[in-house]
Amino acid sequence: MAFSIVGILAVLLEAFRPLIPLIVAVVVADIALLAYTVSKGQFAHAKARRLSLWAGAAFMVGAFLVGPSLTQVTFGSFLSITDWVMLGAMSVGVGIAGFVLTLPMTSLIKF
Amino acid sequence: MSQKSSNAGPNHGRRKFLQVSGLGLAATAGTGIMTSKALAKVKTNARVVIIGAGAAGLDAANRLSRELDGAQITIIDSRVEHIYQPGLTLVATGLWKASKVMDENARYMPDGIDWIQARVIEFDPETNSVLTDTGQRVAYDYLMVTTGLQVNYSGVEGMSPELIGQMGIGCVYDNPNHATRTWNMIDQFTDVGGVGLFTRPRGPVKCAGAPLKVTMLSEDLLERKGNRDKAQLFYTPPAKGLFSQPEINEFLKEELPSRGISLLWDHPLVGIEPELKRATFETPEGNQTLDYDFIHVVPPMQAPDPLANSPLSWKTGRFAAGGWMEVDQHTLQHPRFQNVFGSGDCVGTPVGKTAASVKAQVPVAVANMVSSIADRELSARYNGYTSCPLVTRKGQALLVEFDYDLKMVPSFPFVNPYEKHWFPWMLKDRMLHAAYNAMLRGRV
Ligand SMILES: Cc1cc2nc3c(=O)[nH]c(=O)nc-3n(C[C@H](O)[C@H](O)[C@H](O)COP(=O)(O)OP(=O)(O)OC[C@H]3O[C@@H](n4cnc5c(N)ncnc54)[C@H](O)[C@@H]3O)c2cc1C
């Protein structure tokens, strides 16, 4: 089956549909913070980047650890390298999202 | 193969008259299952009627309403709730709550279409009309048949849906109530043990993997409860195969016996005596009876009666017995009534009867109907794509995807389809429901 960007976005939209109000609230708050920190000339300064990297890493490790339990199982169900690589890739995705989402917040901290 | 719509139906005059502007229909992908993508809407005043608002019907309604401009689109189905059927195996084995598979058709109905809440009792392609159980005759210029299939409980003597959830009888087909009652039986059986019979009828069934999944998940549950040695399990296929795809068939022929599940070849279930907990199988050596403590009954299936008894069904060949709808297996157009198209469980094609095949079929059937309206070549092709995350245990599955040639066509080339993984289980447990809902909206 071929994949299209629209198709992938449509599936993600359905997967997160119950959380949409929360996601919208977080994104709006993030954009507001982004606009504020950019206007103050303090967006993504070195300390903010470092802090967000730590936050992203924490998100990534957290996703890796809770990933199996979100599917009702433990690491005992992992049978192949593919499983570890897929969980790793998904966790990296969560980590990147964590970095991006926290960056406007950590940019508020004075450098 | 490319086929041109002849518009040979009796309403030829009206359809010729239909105002069609080919503003740029559908440049097609040419090969495989991939479909035409409408570049712009096709203007038409055609009356398009869709029968059945299940997986295929809603997908078709959303796509047609996006691809046609000015068409009068009507969908006919009395069912208000929508059931995510692929989740039923998980409900029946205690892994999901029934509420997780319940939804409403209204959430997926596109704006601007008519929904007649009735059932079609008669298809009359000679007059281009259908008759509903409320006495309404609905005329069409183009018809999309997506009625799904009918589970024939009476095909097993002594069986009726009321028995599900009593006296050790389970049946995952095909609603949450049956699945929940089946779970009550499987839960009890895996506590106390005994003889468990897991059946599979002759002929096509929807999701041929479902009877196998119920079997393997029951065995897994016995194991997880520490009661495996209390139970004897038997899987009873109607012939000498377990699955149509040869490599997966071989895999299962090793997997089931390796887990102590005995295979009783050529054992189609023909009757049960619920009070005696006894099942009768029609074997080449004559009828044989087996006593059980739990039985998973999978009744024979066929096209819904109004469709099976109509001129639209196959009249000869292997699909005639089930009354399946006759379609060209690639274009999904009816060969005799060329303004009629079909998709989903109701059609008689060599492979299909999964939501995954619906996902591949509907874009083809819709693209070809739109091409037909615009008087163009029907160039979209369905290649028989079907798929099933064959769950072997809680947390493990095979991602099986193949086509008409029974060739594996993996979507994720890095996932070996012949090996058990957590990844396809993760898809089944967390992602495929979302993919299904996106499909209902005509978006995948
Ligand atoms: C237990 C189980 C497990 C499954 N597992 C999987 C899986 O893992 N993966 C997968 O891909 N697929 C799976 N499937 C199969 C999948 O659910 C079906 O193939 C899919 O739902 C078919 O869609 P459909 O639209 O053809 O039929 P349906 O979704 O059944 O819809 C048919 C609709 O037509 C309506 N209808 C019927 N007759 C009439 C009439 N005369 N007039 C008007 N309306 C009518 C019905 O009310 C219904 O709403 C499973 C199915 C079951 C039951």
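Some notes on this structure:
- Helix-only [θ]222 nm of chain B, DSSP H runs n ≥ 4, -39500 (n - 2.57) each, per residue, nearest 500: -7000 deg cm²/dmol
- Size of electric dipole in the protein assembly as shown: Cβ of Lys, Arg +1 and of Asp, Glu -1, about Cα centre, debye, nearest 20: 1980
- For B:GLU81, neighbours were defined as the other residues whose beta-carbon sits under 14 Å from its Cβ, and their charges (Lys and Arg +1, Asp and Glu -1) total -1.
- Less than 5 angstrom separates the built amide H of B:TRP115 from those of B:ILE75, all sequence-distant by 5 or more or on a different chain.
- All other residues whose Cβ lies under 15 angstrom from that of B:ASP187 are scored, Lys and Arg at +1 and Asp and Glu at -1, for a net of +1.
- Going from the residue with the fewest nearby Cβ atoms within 10 Å to the one with the most, B:VAL91, B:VAL270 rank B:VAL270, B:VAL91.
- Once the C-beta distance of A:LEU19 and B:GLU285 is scaled by a Förster radius of 60 Å, the resulting FRET efficiency is 0.55 to the nearest 0.05.
- For segment B:254-342: rounded, prolate or oblate by the Cα gyration tensor [a/c cutoff 1.5]: prolate
- For segment B:153-300, average projected area of the Cα convex hull in nm²: 8.1
- Pairwise Cα inverse-distance average, inverted: Kirkwood Rh of segment A:5-107 (Å): 15.4
- Cα-based shape type of the protein assembly as shown, given that a ≥ b ≥ c are square roots of the gyration tensor eigenvalues and the cut on a/c is 1.5: oblate
- Taking B:ALA56, B:ALA179, B:ALA321 in turn, the Gaussian network model of chain B (Cα-Cα springs below 10 Å) assigns the largest fluctuation to B:ALA321.
- Cross-link partners of B:LYS230 among lysines, defined as those whose alpha carbon lies under 24 angstrom from its own and excluding same-chain residues fewer than eight positions apart: B:LYS213, B:LYS253, B:LYS277, B:LYS394.
- Once Rg and the Kirkwood radius are both taken over the C-alpha atoms of chain B, their ratio Rg/Rh works out to 0.99.
- For the residues B:VAL120, B:VAL192, B:VAL172, a GNM of chain B with alpha-carbon springs under 10 Å puts the largest fluctuation on B:VAL192.
- Sorted by Cβ density within 10 Å, fewest first, the residues B:TYR385, B:TYR142, B:TYR84: B:TYR84, B:TYR385, B:TYR142
Since every read-out is calculated from the coordinates, none of them should be taken as a lab result. This is a predicted model, so every value here is computed, not measured. We place every Cβ from the backbone using ideal geometry, glycine too, and count neighbours over all the protein chains shown.
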